[in-house]
1. Identify, from the list Val89, Val136, Val112, the residue that is at pLDDT 95 or above and more than 23 Å from Pro65 (Cβ to Cβ).
2. Based on what the data block shows, is Gly168 closer than 19 Å to Ala260 by Cα and assigned to a loop (DSSP other than H, G, I, E, B)?
3. Keeping to segment 275-298, report how many residues are within 25 Å of Leu226 (Cα to Cα), open to solvent by 50 Å² or more (accessible area, probe 1.4 Å) and in contact with a strand residue (DSSP E or B) (Cβ under 8 Å, 6 or more places away or on another chain).
4. Looking only at segment 200-228, which residues are surrounded by 24 or more Cβ atoms within 10 Å (Cβ to Cβ) and either outside any helix (DSSP H, G or I) or free of Cβ contacts under 8 Å to residues at least 40 places away in the same chain (or both)?
5. Determine, yes or no, whether Ala129 is touching a Phe, Trp or Tyr at 6+ places or on another chain (Cβ under 6 Å), under 28 Å from Ile47 (Cα atoms) and in contact (Cβ under 8 Å) with a residue 12 or more places away in the chain.
6. Could you list, in sequence order, the residues of segment 299-317 that are open to solvent by less than 10 Å² (accessible area, probe 1.4 Å) and of a type in the set (Phe, Trp, Tyr)?
7. Tell me which residues, restricted to segment 53-68, are farther than 16 Å from Gln308 by Cα and open to solvent by less than 20 Å² (accessible area, probe 1.4 Å).
8. With respect to the numbered conditions (1) without any contact (Cβ under 8 Å) to a residue 60 or more places away in the chain; (2) surrounded by fewer than 24 Cβ atoms within 10 Å (Cβ to Cβ), which one is the sole condition not fulfilled by Phe236?
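The values are calculated or read from the model by the stated rules, or taken from the named source; none is laboratory data. A quick note: this is a predicted structure, and the numbers were derived from the prediction, not measured. Because the Cβ atoms are built from the backbone with ideal geometry, glycine has one as well, and the counts that use them run over all protein chains shown. We work out accessible area using only protein heavy atoms, side chains counted, and drop any ligands, DNA or RNA first. Shrake-Rupley method; radii C 1.70, N 1.55, O 1.52, S 1.80 Å.
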Amino acid sequence: MMMRTLLVLFTILAVGFAAPAPAVATAAPADSTSSTSLPTCFPRAAIDRMVAYIRTQQQPDGSFPGIGQSSTADAVYALVASGVDPSRVTNNGNSAIDFIYSQTGNLQSTGVAAKFLLALVLARRSTVAPNGFDYVARVRDAFDPATGVFDPNPTGNYYSLIALRAAGQRVPALALRVAAAAQQADGGWPSGDPPGNSDTNTTSVAMVALIVNGRTAPIPAALRYLRTQVAPEGGFTFSTVFGNESDANSTGLSTVALLAARQDLRNFESGGVDPVERLRQLQNPSGAFRFSDSFPGDNAFATYQAGQAAGLTRCTR
């Protein structure tokens with residue numbers, strides 16, 4: 001198959017195999033800075049400040065703290081999206097890749113294994129650790145044909161669909177049917193089991209998972225849902241059920257999903273502010289992102305997740 005950019009979760013491209021173009025495509029590819037698709041781009045200087053901040057968060061074992069073990073994977077996604085080789089970002093001689101390889105006996109869930117697998121693929125590193133542990137097999141073998149899921153946590157399950165596809169694996173049709181069937185009447189996906197309210201974060205990961213696996217029928221309804229979650233100041237809320245303020249994580253993840261669906265970001269503006277412009281507004285002078293205007297301090301996890309969209313939309317000149 002022809003080599004081509006694969007848009008992934010919360011993330012990034014160019015992993016080295018073809019992914020089907022979504023049937024809902026309405027604009028230029030996400031890696032284009034065409035005015036018809038990307039009204040705002042992220043300045044290189046802002047990307048450099050963000051990467052410098054991410055480097056300050058690295059621990060001596062190579063990990064990046066945030067929210068849980070898999071935050072290191074999110075940091076890798078942001079670095080790769082920004083054009084930085086995570087293998088060359090080290091503390092005490094250890095990179096995030098070294099940390100991922102060290103965790104083979106300590107994985108908290110299949111979802112974590114999937115996020116680590118995706119990080120390895122994006123970093124173009126072996127998906128088999130030096131001790132022989134096979135991350136592809138770990139995720140693939142977790143599939144439960146009785147339920148159609150790899151991980152009972154929805155987000156972990158959707159990352160499994162993304163990571164396996166990125167690793168060149170065929171995802172079971174049942175897994176894709178179950179993922180699509182979890183879409184709610186409002187067009188979004190919920191994070192809980194049993195299902196609760198839809199949220200933009202889970203919806204964005206589910207969208208990418210279905211798009212990269214060629215299942216685009218649910219995407220138009222998902223895009224309609226995301227439009228209902230645009231905040232008055234621009235950007236995306238986690239869920240309007242909990243408030244109308246945009247945050248960096250939700251805006252970043254939603255932007256990645258919109259790029260994967262090849263959407264014109266002008267269609268998701270509020271008051272003339274598109275999602276990328278809102279992300280620029282949420283970046284602090286340190287290079288870090290704040291979670292939201294109500295929580296203005298530097299936030300490492302918000303930086304990892306917002307950084308994925310920032311890197312993908314960085315200015316080409």
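1. Values: Val89 fails: more than 23 Å from Pro65 (Cβ to Cβ); Val112 fails: more than 23 Å from Pro65 (Cβ to Cβ).
Testing whether each residue is at pLDDT 95 or above and more than 23 Å from Pro65 (Cβ to Cβ) leaves just Val136.
2. Values: closer than 19 Å to Ala260 by Cα: yes; assigned to a loop (DSSP other than H, G, I, E, B): yes.
The answer is yes for Gly168.
3. Residues in segment 275-298 being within 25 Å of Leu226 (Cα to Cα), open to solvent by 50 Å² or more (accessible area, probe 1.4 Å) and in contact with a strand residue (DSSP E or B) (Cβ under 8 Å, 6 or more places away or on another chain): 4 in total.
4. Ala222
5. Numbers: touching a Phe, Trp or Tyr at 6+ places or on another chain (Cβ under 6 Å): yes; under 28 Å from Ile47 (Cα atoms): no; in contact (Cβ under 8 Å) with a residue 12 or more places away in the chain: yes.
Taking the combined requirement at face value, the residue does not satisfy it.
6. Step one: of segment 299-317, the residues open to solvent by less than 10 Å² (accessible area, probe 1.4 Å) are 302-304, 306-311, 313.
Residue satisfying the conditions is Tyr304 alone.
7. Scanning segment 53-68 gives Gln58, Gly62, Ser63.
8. Only one criterion in (1) without any contact (Cβ under 8 Å) to a residue 60 or more places away in the chain; (2) surrounded by fewer than 24 Cβ atoms within 10 Å (Cβ to Cβ) is unmet by Phe236, namely (2).
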